[in-house]
Amino acid sequence: MSETTISKSGEWVKTETDFMKLMEMFGDGLELPLKNSVLGNLDTKQPFLAGEVNRGKVYLMGGDMGVEGKLISVSGEEITIYDGMCNVGFG
C-alpha cells in the first residue's frame, strides 16, 4: 500500500504510494515459511517477526480488519518500510 523511508536519525525522507511500483515489486506476493505458532501470534493483535527475505524483515499483526504486514529494510543510513494488508495461508 505504501513505501516510507526514514533516516536512522529519525527524519522522514519520503513516502510513496505508487501502486504500479509496488505491484512490480510484490505482484507475485511474498512467500515465507510460517510456523504453526503464527495463528496464535496473530490472535494477540501485536506485531511479531514472521521471517526474513532478501528485501528485509517481515512483521505481521492480526487485527479486526485482517492481517497487516510490514517489510522493513535497512540500507546504509536509511530505513525503508513497506506497508500492506496480507493473506496468510497454509499448504
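The values are calculated or read from the model by the stated rules, or taken from the named source; none is laboratory data. No experiment lies behind these values; they were computed from the predicted model shown. Protein only, heavy atoms only, side chains kept; ligands, DNA and RNA dropped before computing areas. Shrake-Rupley method; radii C 1.70, N 1.55, O 1.52, S 1.80 Å.
Starting at the first residue of the range 44-57, write each ³J(HN,Hα) from the Karplus equation 6.51 cos²θ - 1.76 cosθ + 1.60 with θ = phi - 60°, in whole Hz, x for Gly and Pro.
6, 6, 10, x, 8, 6, 8, x, 10, 10, 5, 8, x, 9
Rounded to the nearest 5, what % of DSSP beta bridges with both residues in the chain are antiparallel?
Beta bridges within the chain, antiparallel portion: roughly 100 percent.
In whole percent, and with a 1.4 Å probe on the protein chains, what portion of the accessible area of the chain is carbon and sulfur?
53 percent
Using only the alpha-carbon atoms of the chain, report the extent along each of the three principal axes, biggest first, to the nearest angstrom.
Over the chain, Cα extents along the principal axes are 36, 28, 26 Å.
Which ³J(HN,Hα) values in Hz, rounded to whole numbers, follow from the phi angles of the range 12-25 under the Karplus curve 6.51 cos²θ - 1.76 cosθ + 1.60, where θ = phi - 60° and Gly and Pro get x?
7, 8, 6, 9, 10, 10, 6, 4, 5, 4, 5, 5, 5, 6
Given the rule -39500 (n - 2.57) for each run of at least 4 DSSP H residues, summed and divided by the residues of the chain, what is its mean residue ellipticity at 222 nm, to the nearest 500 deg cm²/dmol?
-4000 deg cm²/dmol
What accessible area per residue, rounded to a whole number of Å², is obtained for the range 1-84 using a probe radius of 1.4 Å?
69 Å²
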